[in-house]
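J.: Here it is: the structure, laid out below.
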Amino acid sequence: MSGTTSSRMPDGAGQRMVSTPDVRLATLMDMTHLTPTKSAFDAKYDTYQNPLNSRYCSQRMKYIFSPRNRFSTWRELWIFLAESERELGLEGITTEAIQQLKDHALIQDHEFETAAIEEKRRRHDVMAHVHTYGLAAPAAAGIIHWGATSCYVTDNADLIFMRDALDELLPKLAAVIQRFSAFAKEYRSVPCLGYTHGQAAQMVTVGKRATIWIEDLLDDLHNLEHARERLLGKFRGVKGTTGTQASFLAIFQDDHDKVKQLDRLVTKKAGFNGASLSTTQTYSRKIDVDIVHALSSFGCTCERIGGDIRHLAMFKELEEPFEQDQIGSSAMAYKRNPMRSERLCSIGRMLSSFSAEAEQTYKSQWLERSLDDSAIRRIVLPESFLCADACLILLNNVSSGLVVNEAVIRQRIDLELPFMATENIIMEMVTKGHSRQDAHEKIRVLSHQAGAVVKQEGKANDLIERIRNDDFFKPILDDLKRLMEPETFIGRSPQIVDEVLEIDVKPALAKYEEKLGVVGDAELNV
């Protein structure tokens, strides 16, 4: 079906119009008396919007991967190259040329259109921007990109973006760990049911459960820190078309030392500690794999934490923040859906999937270069960081306002506690001189009877009353109350919370102390 045709299909007694998007839009305009002055699809409301941009992410992270920052960073890299070449004695790079480059380092709005026209003509994005930059800085037009290949700007810029994006994520992650730590400390001694296989198991505390999330988030923090540290020593630098630096050796008349100095100068100006000694035309896509692995691993953590909160919300033990005017359901007005945690699971799942894309891209590279990595990296690298940013905004928001329903928690404990207390009762009977096997058999029979009452009749658990009424257990009747205290079933949970916060969290967050106060509470757009 073409863009200007439509067809009518039978639909019961009547007929239904099936049309292409432009026909539908034209029909809507006619119905609402709209007369567009430009193409109907020019407006931002008529083109696909990535929800990471429109709904979920911070302005800072969106700017890092924005067209303006990308092409301005290319210009900055061209400045680094020209400055360094001039410092090493190359003639023809004037002070005026350098100054013009610096004066126009930030790409202006009208220059995007100039570059787009040139790229459509040349089918080459880097050369389109070399041309555009040369128009803005005519004194430097002849020396922009001298000796470089396209990946000098594209790849080095990507490394800069990933470094800056990691710098944006790490303090936010540290802030989330700090908030969950405060939550764990507050509820370090509040008993709650533990669950194994989805069934009630030995009790933990609300705070102890939070330390499981904290430990995983600390692993993510360390993974991202390690990825950043490694990245700082893996700048691509100035390597030429196949990584041999032949073009730079030519312009420096076979002076190997100056070529090595050029590489070091540009690397230092870009804020990196070192550059890879050997590259192809590109930096190794293995670097992408390792960084995206760390981000994808964090995505797994997000889905795990979000899933736990959703399960506890289902039990009504725990609730995420819920605003005064928030609507949980369009139909069921009473509902308080865990929408933040559900979104966290959703975006975390997406983030974890990027790991495979980075792996496939690295494996698919041919020899010194193939361009089948370009399109997918334009999607995977920005969106992996944007997803991580969105997850951290959600985690920050949720961890700042978790609601613990202690009455519900105690109610659920009371339902299961008689069964959990049976081991304590058996041990106490043994201390009174009775056989463990006899006590175990008595408890087994009474437990199954009480379980049938709970599951088949829907009544309260009456196991303790059955024990009180059985003469076999007379020796421990005075001890039953003590044996039934929830606090006797939580083991070292409070102490484990203290140890995690002191031994693991405190040193890990020390380096972020100044930034933690700046992060602030995250507000959601939707």
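J.: Tell me which residues, restricted to the stretch 152-189, are aromatic (Phe, Trp, Tyr) and assigned to a helix (DSSP H, G or I).
T.: If the condition is that a residue be aromatic (Phe, Trp, Tyr) and assigned to a helix (DSSP H, G or I), then Tyr152, Phe161, Phe180, Phe183 are the ones that fit.
J.: Let me ask something else about it. Give the stretch 391-418 a look and list any residue that's among the hydroxyl-bearing types (Ser, Thr, Tyr) and either in a helix (DSSP H, G or I) or touching a Leu at 6+ places or on another chain (Cβ under 8 Å) (or both), or say none.
T.: Of everything in the stretch 391-418, just one residue is among the hydroxyl-bearing types (Ser, Thr, Tyr) and either in a helix (DSSP H, G or I) or touching a Leu at 6+ places or on another chain (Cβ under 8 Å) (or both), namely Ser399.
J.: How many of the residues in the stretch 121-137 are at pLDDT 95 or above, over 18 Å from Leu77 (Cβ atoms) and either of a type in the set (D, E, K, R) or under 35 Å from the mean Cα position of the chain (by Cα) (or both)?
T.: Qualifying residue count for the region: 0.
J.: Another question, if that's okay. If you go through the stretch 239-248 one residue at a time, do you hit one that is assigned by TED's automatic domain parsing to the domain that holds Ile160, small (Gly, Ala, Ser), in contact with a strand residue (DSSP E or B) (Cβ under 9 Å, 6 or more places away or on another chain) and not in a helix (DSSP H, G or I)?
T.: Taking the stretch 239-248 first, the residues assigned by TED's automatic domain parsing to the domain that holds Ile160 are 239-248.
Of the ones still in play, those that are also small (Gly, Ala, Ser) are 240, 243, 246-247.
From what is left, the residues that are in contact with a strand residue (DSSP E or B) (Cβ under 9 Å, 6 or more places away or on another chain) are none.
Checking the stretch 239-248: not a single residue is assigned by TED's automatic domain parsing to the domain that holds Ile160, small (Gly, Ala, Ser), in contact with a strand residue (DSSP E or B) (Cβ under 9 Å, 6 or more places away or on another chain) and not in a helix (DSSP H, G or I).
Yes or no, residue by residue, for (1) touching a Phe, Trp or Tyr at 6+ places or on another chain (Cβ under 6 Å); (2) crowded, with 19+ Cβ neighbours inside 10 Å; (3) on the phi < 0 side of the Ramachandran plot:
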position	(1), (2), (3)
Ala407	no, no, yes
Asp414	no, no, yes
Pro418	no, yes, yes
Lys459	no, no, yes
Ile467	yes, yes, yes
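J.: OK, next. Taking the residues in the stretch 91-116 that are assigned to a helix (DSSP H, G or I) and aliphatic (A, V, I, L, M) as candidates, determine which candidate is nearest to Glu76 (Cα to Cα). Walk me through it before giving the result.
T.: The first filter runs over the stretch 91-116 and keeps only residues assigned to a helix (DSSP H, G or I), leaving 95-103, 109-116.
This time we only want the ones that are aliphatic (A, V, I, L, M), so: 97-98, 101, 115-116.
On the way: Ala97: 14, Ile98: 11, Leu101: 8, Ala115: 17, Ala116: 20 Å.
Checked the stretch 91-116; the qualifying residue nearest to Glu76 (Cα to Cα) is Leu101.
J.: Checking the conditions here, which among Val259, Val266, Val206, Val176 is under 26 Å from Leu381 (Cβ atoms), β-branched (Val, Ile, Thr) and touching a Phe, Trp or Tyr at 6+ places or on another chain (Cβ under 8 Å)?
T.: The match here is Val266.
J.: Ok, one more. Just for the stretch 198-234: of the residues that are polar (S, T, N, Q) and part of a helix (DSSP H, G or I), which one is farthest from Ile287 (Cα to Cα)?
T.: Of all residues in the stretch 198-234, those polar (S, T, N, Q) come to 199, 202, 205, 211, 223.
Among the residues that remain, those that are also part of a helix (DSSP H, G or I) are: 211, 223.
Details: Thr211: 31, Asn223: 14 Å.
Residue satisfying both the conditions and the ranking: Thr211.
J.: Let me ask something additional. State whether the residues of the stretch 43-61 include one that is under 30 Å from Met339 (Cβ atoms), at pLDDT below 65 and assigned to a loop (DSSP other than H, G, I, E, B). Give the steps one after another, and end with the answer.
T.: Looking only at the stretch 43-61, we keep the residues that are under 30 Å from Met339 (Cβ atoms), and these are 43-61.
Right, trim to at pLDDT below 65 and you get 43.
Imposing the further condition that a residue be assigned to a loop (DSSP other than H, G, I, E, B) reduces the set to 43.
Yes, the stretch 43-61 contains at least one residue that is under 30 Å from Met339 (Cβ atoms), at pLDDT below 65 and assigned to a loop (DSSP other than H, G, I, E, B).
J.: Right, next: Count, please, the residues in the stretch 445-478 that happen to be more than 47 Å from the chain's Cα centre (by Cα) and of a type outside the set (A, V, I, L, M, F, W, C).
T.: 11
J.: For Tyr195, only one of the following conditions fails: (1) surrounded by fewer than 20 Cβ atoms within 10 Å (Cβ to Cβ); (2) in a helix (DSSP H, G or I); (3) over 22 Å from the mean Cα position of the chain (by Cα). What is its number?
T.: That leaves (2) as the condition not met.
J.: Within the stretch 92-124, can you find the residues that are in contact with a helix residue (DSSP H, G or I) (Cβ under 7 Å, 6 or more places away or on another chain) and without any contact (Cβ under 8 Å) to a residue 24 or more places away in the chain?
T.: Passing the criteria: Lys102, Thr114, Glu118, Glu119, Arg122.
J.: Do we have any residue at all in the stretch 173-180 that's crowded, with 17+ Cβ neighbours inside 10 Å, within 30 Å of Leu101 (Cβ to Cβ) and either outside the structural domain of Ala270 (by TED's automatic domain parsing) or touching a residue at least 40 places away in the same chain (Cβ under 8 Å) (or both)? Spell out the reasoning first.
T.: Of all residues in the stretch 173-180, those crowded, with 17+ Cβ neighbours inside 10 Å come to 173-180.
Pick out the ones that are also within 30 Å of Leu101 (Cβ to Cβ) and you get none.
Within the stretch 173-180 (the criterion being crowded, with 17+ Cβ neighbours inside 10 Å, within 30 Å of Leu101 (Cβ to Cβ) and either outside the structural domain of Ala270 (by TED's automatic domain parsing) or touching a residue at least 40 places away in the same chain (Cβ under 8 Å) (or both)), the answer is no, since none of the residues qualifies.
J.: Considering only the stretch 484-501, state which residues are within 28 Å of Asp438 (Cβ to Cβ) and either buried (at least 18 other Cβ atoms within 10 Å of the Cβ) or more than 48 Å from the chain's Cα centre (by Cα) (or both). I'd like the intermediate steps shown before the answer.
T.: The first filter runs over the stretch 484-501 and keeps only residues within 28 Å of Asp438 (Cβ to Cβ), leaving 484-486, 488-489, 491.
Result: Pro486, Phe489.
J.: Which of the numbered conditions does Ala510 fail, given that it passes all the others? Conditions: (1) among the small types (Gly, Ala, Ser); (2) loosely packed, with under 14 Cβ neighbours inside 10 Å; (3) touching an Asp or Glu at 6+ places or on another chain (Cβ under 9 Å).
T.: (3)
J.: Checking the conditions here, which among Arg468, Arg444, Arg436 is among the basic types (Lys, Arg), out of contact with any Ser or Thr (no Cβ under 8 Å at 6 or more places or on another chain) and either in the same structural domain as Ala200 (by TED's automatic domain parsing) or touching a residue at least 12 places away in the same chain (Cβ under 8 Å) (or both)?
T.: Arg468
J.: Here's something else I'd like to know. Any idea how many residues of the stretch 351-363 are within 13 Å of Val380 (Cβ to Cβ) and out of contact with any Cys (no Cβ under 9 Å at 6 or more places or on another chain)?
T.: Number satisfying all stated conditions: 9.
J.: Name every residue in the stretch 465-521 that is part of a helix (DSSP H, G or I) and among the acidic types (Asp, Glu), in order of residue number.
T.: Glu465, Asp471, Asp478, Asp479, Glu487, Asp498, Glu499, Glu502, Asp504, Glu513, Glu514
The values are calculated or read from the model by the stated rules, or taken from the named source; none is laboratory data. Keep in mind it's a predicted model, so treat the numbers as computed, not measured. Neighbour counts are summed over all protein chains in view; Cβ atoms, including those assigned to glycine, are modelled from backbone coordinates with ideal geometry.
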